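Undergrad: Submitted below is the structure of interest, expressed as structure tokens.
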Amino acid sequence: MKVIIGSDKSGFVLKEAIKAYLVEKGYEIIEVGTTDTDNPVPFFKTAPLAVEKIREGAAEKAILICGTGMGMSQVAGKYKNIRAACVESVYAARMCRAINDSNVLCIGGWIVADIMGIEMTDVFLNTEFTEGLEPWRKEFLKNARLEFNAIENEIYK
């Protein structure tokens, strides 16, 4: 599986830890943004690089890391078909996939330790939409996704 990963300077250390884990697990990495701390790329320039790669079909999911995760999430979420989630727990990482079908995980490098960020990433990448939910909720969420898509299509005419 190909995964896009990117950070600004504040998320660089966590990004490097997650990137090393993903490479060890056999993921193909597409890196955007800050690749060394001497040449930082701000979150508002990194997030568009990642989401454009998703929109082009280079990968289905991205992991974006800044200081709090909020900046990356706000910028990434401006794009059609991008469902960015700023999360601070393994549970939230699982639920952003199972309930919201998020395709961009945003994490705060100032907030989340390496081991937690790795676990959050692993859960995010390996949870399917509606996985582990009750049948009635699965049906509800599949219908909700259709309504969400209709709203998005109206906004992005």
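Undergrad: Using the Karplus curve 6.51 cos²θ - 1.76 cosθ + 1.60 with θ = phi - 60°, work out ³J(HN,Hα) for each residue of the range 59-68 in order, rounded to whole Hz, and write x for Gly and Pro.
TA: 7, 8, 9, 9, 10, 10, 10, 10, x, 10
Undergrad: Also, quick follow-up: Given a Förster distance of 35 Å, report the FRET efficiency between Met1 and Glu154 from their Cβ-Cβ distance, rounded to the nearest 0.05.
TA: 0.65
Undergrad: Then there is this: Sorted by packing (mean other beta-carbon atoms within 10 Å per residue), highest first, where do 117-125, 147-155 land?
TA: The packing order, highest mean first, is 117-125, 147-155.
Undergrad: Note the full-extension length gain between Glu56 and Asn100 as 0.36 nm times their separation in residues minus their Cα-Cα distance, in nm to one decimal.
TA: 13.7 nm
Undergrad: Counting only residues 5 or more places away or on other chains, whose amide H sits under 5 Å from the amide H of Val32 once H atoms are built in the peptide plane?
TA: The list, which skips near neighbours in sequence, is Ile5, Gly6, Ser7.
Undergrad: Moving to a separate point now. Taking R0 as 22 Å, what FRET efficiency do you get between Tyr91 and Glu131 from their Cβ-Cβ distance, rounded to the nearest 0.05?
TA: Approximately 0.95, to the nearest 0.05.
Undergrad: Then there's this: Using amide H atoms built 1.01 Å from N in the peptide plane, name the residues 5+ places from Lys61, or on other chains, whose amide H lies under 5 Å from its own.
TA: Excluding prolines and chain starts, which carry no amide H, the hits are Ile4.
Each value in this text was obtained by applying a stated rule to the coordinates, not by laboratory testing. All values derive from a computational prediction rather than experimental measurement. In this analysis, Cβ positions are derived from the backbone assuming ideal geometry, glycine residues included, and neighbour counts consider all displayed protein chains.
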